[in-house]
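Okay, here's the structure, questions in a sec.
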Amino acid sequence: MFYDYLFPTVVLKDYNVLKNPQKILGAIGTERHSTPHIHKEEKFKELADKVLEYSNDYAKNMKWNTELYIVSMWYNSMKQHEDHRPHSHGNSLLSGVYYPTGTPSHPSIEFFDKRGVGVIDPTLAKEGGDSSAFTVENSTSWHYPVIPNSILIFPSWLQHWVSVNKCEIPRISISFNIMIKGQAGKEEDLNGITWK
């Protein structure tokens with residue numbers, strides 16, 4: 001018997017992204033969101049370079065033969081009692097988040113697979129006593145905690161949200177979007193395109 005895990009949604013995660021994440025914290029203001037172009041600022045250059053490196057690694061893992069670039073990058077300072085409502089990122093291929101700092105008290109980012117909306121949701125078997133056997137393969141939602149100096153990269157269509165920050169310390173994150181430069185698809189295909 002064989003199983004194929006058809007149409008997986010790939011999320012890249014890594015830790016210890018920057019040598020000195022504290023350096024970035026000094027560049028982050030107190031407003032809810034920055035402008036969407038901080039990747040062009042010198043103080044965020046090391047992170048922008050890492051984001052492209054990880055994005056290209058994601059593309060290599062997916063066997064994509066394409067050139068990528070950062071469309072936008074901005075920081076978020078989510079104060080106590082604030083949240084990020086469910087959303088996805090349009091006009092980009094990949095999106096991601098970097099956490100320069102954080103605590104276990106900060107709310108996780110949670111992802112939702114909306115492809116199965118309206119289907120039957122079977123009850124999962126119990127494993128080890130009283131907990132359900134949720135895995136990344138059988139869940140319709142999954143969360144990743146805020147871990148300092150970590151990064152997540154995911155398809156931009158993947159819906160996600162962050163629940164209310166109950167912690168007095170602001171939840172700091174840097175979000176970004178990645179897009180294809182040049183050829184997408186095969187030139188001879190009817191739906192191939194060259195991005196200018």
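The values are calculated or read from the model by the stated rules, or taken from the named source; none is laboratory data. On a predicted model such as this, the values are computed, not experimentally measured, just so you know. All Cβ positions, even for glycine, are placed from backbone atoms using ideal geometry, and neighbour counts span all protein chains on display. What goes into the accessible areas is simple: the full protein's heavy atoms, side chains included, and nothing from ligands, DNA or RNA. Shrake-Rupley method; radii C 1.70, N 1.55, O 1.52, S 1.80 Å.
Mind listing P(r) for the chain? All alpha-carbon pairs, 10 Å bins, whole percents.
8, 31, 34, 19, 7, 1
Same structure again: I want to verify the translational diffusion coefficient of the stretch 32-131 in µm²/s; compute it with Stokes-Einstein, Rh as the Kirkwood radius over Cα pairs, at 37 °C and 0.692 mPa s. Numbers along the way, then the final one.
Working: Rh = 17.2 Å.
Rounded to a whole number, D works out at 191 µm²/s.
While we're looking at this one, here's another question. Gaussian network model of the chain, Cα springs within a sub-10 Å range: biggest mean-square fluctuation belongs to which of P36, P100, P122?
Highest fluctuation of the listed residues: P122.
Just to be sure I understand the model, the point goes 7 Å from the Cα along the line to the Cβ. What's the resulting V164 to D4 distance in nm?
Calculated label separation equals 4.6 nm.
May I pose another question? To the nearest Å, what is the center-to-center distance of the stretch 1-70 and the stretch 144-195, using C-alpha atoms only?
8 Å
If you don't mind, there's one more thing I want to ask. Using a Förster radius of 30 Å, what is the FRET efficiency between E53 and N138 based on their Cβ-Cβ separation? Nearest 0.05, please. It would help to have the intermediate numbers written out before the result.
Values: r = 32 Å, r/R0 = 1.06.
E(calc), rounded to 0.05, equals 0.40.
For T135, tell me the accessible area in Å² from a 1.4 Å probe, rounded to the nearest 10.
Looks like 50 Å² after rounding.
Next question. Where only protein heavy atoms count, and the probe is 1.4 Å, what is the accessible area per residue for the chain in Å²?
Values: 12490 Å² over 196 residues.
On a per-residue basis, the chain sits at 64 Å².
What's the longest piece of the chain with no exposed GluC sites (Glu not before Pro), counting a site as exposed if DSSP puts it in a loop and it has at most 15 other beta carbons within 10 Å? Don't skip to the end; give the middle numbers.
Values: sites that count: E31, E41, E82, E137, E168, E187, E188.
Looking at the chain, 83-136 is the longest stretch - no exposed GluC sites (Glu not before Pro) with at most 15 other Cβ atoms within 10 Å.
What number, in percent, do you get for the relative contact order of the stretch 64-162 if the mean sequence gap of Cα pairs under 8 Å and at least 6 apart is divided by its residue count? Let's see the in-between values first.
Working: 123 pairs, mean separation 47.7, N = 99.
Averaging sequence separation for qualifying contacts and normalising by length gives 48 percent for the stretch 64-162.
Going 7 Å from the Cα of L25 in the Cα-to-Cβ direction, what parts of the stretch 132-164 have a backbone nitrogen less than 14 Å from that spot?
147-150
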